[in-house]
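The values are calculated or read from the model by the stated rules, or taken from the named source; none is laboratory data. Quick caveat: nothing in here was measured; it's all calculated off a predicted structure. Note that we place each Cβ from the backbone using ideal geometry, even for glycine, and neighbour counts take in every protein chain shown.
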C-alpha cells in the first residue's frame, strides 16, 4: 500500500463509511465515532446533497443542540445550546484545520465572508462537547471542522448556477487537475441578493480560492492554499439611534502553508502556518444624520498570524499520542472603540499574543475499555495562563454498542471587546453584577457527560445519545443590540440536558433525526433578584428538533423534506421568538447524464407553509413575517 493511502487528511468517503464514521477532529487522532472522547456528528457529502440547506451554517440545523439566527440575510449566527447573541464566540470553526476566529469581528466568525461554498465541502465534523482540551479556548463549548473536497489530481471542471427569492443569483466554477507532482484545485464564486423584504441588507460578494498539494517524496508533501474575498452589504435600520443604516464593505484574504511527513498511519509530523486578514469599512449611510452615539465608522482591520507543530505517534500497540505547540499573533485596529470607552488610551493597533501546548492520548486499557486524556495549556498575554483538560472512558459492550463517560474543564479568556466593554460609562449601573469589568475574569465551565452509541437493523441504523451537565463559574453576556456592544458578567450559571441523534442509511433512503433538550437550573446564587438568571435562561431554547428524510428513485429523481422545531428563545432583548416555531422545507432534484457531462437540477423551497418567526430575529423595529424562500439550482460536471 502506498504511504499516501494512510494519509488521514485525505481519506476517501469509502474509508470513512465502510464500518463506522471516522473522525479526526475530536482528539487530533483518527478515531471511529464510538471511540472519540466527545459526542460527534458527521455531516457527509450524501447528507449535504440530500439536505434542504442552501448555505453552510444552515447545515448545522441538523446537528443536535444547534439553532440558527439571522441578524439579516447575510449575517447568520449559529448557536450551540443557546448562550448566543450576535457573535458566535464559544464554538471554534476550522476550515481544513485553519481557524476562522477573528478578534476584530467581536471575537466571532463572519460566515458570509468565508471563502468557501457549500459545494466545496466534503464533510463537516461537529464536536458537541467542550473541546478546549484539543483546540484551545476558541473551542470552549464545541468545535466545527469543515473538510473541503480533496485535491485528488483528477482533471474535472464543474459549474453551478443558483436563482432564487429576494433577487438571489449566484454562480460558481471549480476546476481541478495536476502538473507533474503538483495537484491543484481552483474555485470561484459570486452572489448577489436583495436580502429580507423588511430589512436593509442587500448583498453582493465574491471569492477566489486556490489549493494545492505538492508531493516532494513518498513521505513528504507541501499543502498550500490562498483565498481572497470581497463582500458589500447593508446593515441596520432607518431612523434608529443605536442601530443606524450602514454600508458595510468587507475585504478578506488568507494564506495557509503546511509540511507533512508521514511514516505510517500513526507516525506523522506536521508544521502549519497561516495568516488571516479581515478588514471592514462600516460607515453610516450617506443620507443618515451624524449626531448620534453611533455616528461614526465602526470598521476595523484584523490580522492573525499562526504557527503550529504537531506530532502523532504510536508509542505501542495500545497507546497513541498527539502532541504539539502553537502560537498566534493578532493585530487589531479599532480606534473608534476607544473613543467610546475614554478610560482607555487610544491605540492605533491592539496587539495580542497567545501560546498553546497540547497533548491528547488514547490508551487501550483492555480490549473493551478505552481511555482518552487531553490537556491544553494556554498563555494569552492579556489574561494570564490557564489549563483546559478532559478525561474520557469508552466501553465497547460489543461490536454494535458502546458507552462513554467524559469529564472536562474548559476556559475562555475574554475577547478584545469583552475585555474593554464598560456599560457604566453609558448607562450607569443597570445591573448588579457590574462591580467589575465584564472581561476581568476568564469564562470557565465544568462538564460531565454520559453517552451511548448503538447500531441496529444490519448496522444501517445508528443511535447516539448524550447526557450533559454544565457548571459555568463565569459567563459574559451581551446586553442588547445597541452600539457599541456592551457586556455584563454573570458569576454562576448551571444547566443540564440531553442530545440525541438517529441516522439511517438505506439503499435508497436517508434519515436523520436530531433532538436536544436543555434546562437552565435554578440556583440561589444566581437567582438573586437582579434578573440575570432570567436573562440567560431566555437565551436557551429548551427543545430543538430537526428531521431530514430523503428518498432516491432509480430514475434519478430525489425527493427530500426537512422539519425543524425551535422552542421559545431570545437572542437578546429585542430579537427572538416568544413562542415555539415549527417549519418545513422541501427539495426535488433530478440527475441525468448528457454527452457533455453530468447534470443536476434541484428546486428547494424553504419554510413551505410560510410560518412566522423562522428567521428567529423578530424585532419591534422590523418584525419578520415568515419568509418562504425559493432556490433553483443547476450543476454541470464535465
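Inside the range 34-92, counting only strands (runs of 3 or more DSSP E) that do not spill past its ends, which hold 2 or more residues that are at pLDDT below 95 and touching a helix residue (DSSP H, G or I) at 6+ places or on another chain (Cβ under 6 Å)?
Numbers: elements: 40-44, 66-72, 75-80.
Of the strands (runs of 3 or more DSSP E) lying wholly inside the range 34-92, those with at least 2 residues that are at pLDDT below 95 and touching a helix residue (DSSP H, G or I) at 6+ places or on another chain (Cβ under 6 Å) span 66-72, 75-80.
Okay, residues lined up against (1) at positive phi; (2) in a strand (DSSP E or B); (3) surrounded by 15 or more Cβ atoms within 10 Å (Cβ to Cβ); (4) at pLDDT 95 or above:
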| position | (1), (2), (3), (4) |
| --- | --- |
| 296 | no, no, yes, no |
| 306 | no, yes, yes, yes |
| 327 | no, yes, no, yes |
| 330 | no, yes, yes, no |
| 342 | no, no, no, no |
With (1) out of contact with any strand residue (DSSP E or B) (no Cβ under 7 Å at 6 or more places or on another chain); (2) under 30 Å from residue 375 (Cα atoms) as the list, and residue 125 as the residue in question, which single condition is left unmet? (1)
Residue 251 fails exactly one of the following numbered conditions: (1) modelled with pLDDT of 90 or more; (2) more than 24 Å from the chain's Cα centre (by Cα); (3) within 14 Å of residue 282 (Cα to Cα). What is the number of that condition? (2)
Among the residues of the range 111-151, the number that are more than 26 Å from residue 179 (Cα to Cα) and in a loop (DSSP other than H, G, I, E, B) is 8
With surrounded by fewer than 20 Cβ atoms within 10 Å (Cβ to Cβ), under 23 Å from the mean Cα position of the chain (by Cα) and either at pLDDT 95 or above or within 30 Å of residue 24 (Cα to Cα) (or both) as the only criterion, which of 321, 273 stands out? 273
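Being part of a strand (DSSP E or B), surrounded by fewer than 15 Cβ atoms within 10 Å (Cβ to Cβ) and either at pLDDT 75 or above or in contact with a strand residue (DSSP E or B) (Cβ under 9 Å, 6 or more places away or on another chain) (or both): is that true of residue 599 here?
Working: part of a strand (DSSP E or B): yes; surrounded by fewer than 15 Cβ atoms within 10 Å (Cβ to Cβ): no; either at pLDDT 75 or above or in contact with a strand residue (DSSP E or B) (Cβ under 9 Å, 6 or more places away or on another chain) (or both): yes.
Criteria not met by residue 599.
Residue by residue, here is whether (1) under 21 Å from the mean Cα position of the chain (by Cα); (2) within 19 Å of residue 223 (Cα to Cα); (3) surrounded by fewer than 16 Cβ atoms within 10 Å (Cβ to Cβ); (4) free of Cβ contacts under 8 Å to residues at least 60 places away in the same chain holds:
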position: 132; (1), (2), (3), (4): yes, no, no, no
position: 143; (1), (2), (3), (4): yes, no, no, no
position: 150; (1), (2), (3), (4): yes, yes, no, no
position: 154; (1), (2), (3), (4): no, yes, yes, yes
position: 174; (1), (2), (3), (4): no, yes, no, yes
position: 189; (1), (2), (3), (4): yes, no, no, no
position: 201; (1), (2), (3), (4): no, no, no, no
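Out of the range 344-369, which residues are at pLDDT below 85 and either closer than 21 Å to residue 324 by Cα or surrounded by 12 or more Cβ atoms within 10 Å (Cβ to Cβ) (or both)?
Residues of the range 344-369 at pLDDT below 85: 344-350.
Once the filter is applied, which keeps residues that are at pLDDT below 85 and either closer than 21 Å to residue 324 by Cα or surrounded by 12 or more Cβ atoms within 10 Å (Cβ to Cβ) (or both), the range 344-369 yields 344, 347, 349, 350.
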Any chance you could count how many residues in the range 351-383 are over 21 Å from residue 36 (Cβ atoms), in a loop (DSSP other than H, G, I, E, B) and without any contact (Cβ under 8 Å) to a residue 40 or more places away in the chain? 2
The lone exception for residue 159 - which of (1) under 30 Å from residue 81 (Cα atoms); (2) over 25 Å from the mean Cα position of the chain (by Cα) it fails: (1)
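Restricting to the range 545-571, give me the number of residues that are crowded, with 21+ Cβ neighbours inside 10 Å and at pLDDT below 95. Reasoning before the result, please.
Filtering the range 545-571 for residues crowded, with 21+ Cβ neighbours inside 10 Å gives 546, 548, 550, 560, 562, 564, 566, 569, 571.
Restricting the remaining residues to those that are at pLDDT below 95 gives 566, 569, 571.
Residues that pass the stated criteria total 3.
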Positions within the range 114-123 being surrounded by fewer than 22 Cβ atoms within 10 Å (Cβ to Cβ) and either modelled with pLDDT of 90 or more or more than 15 Å from residue 78 (Cα to Cα) (or both), in sequence order: 116, 117, 118, 119, 120, 121, 122
Which condition number in (1) surrounded by fewer than 20 Cβ atoms within 10 Å (Cβ to Cβ); (2) under 30 Å from residue 70 (Cα atoms) is the one that residue 257 fails? (2)
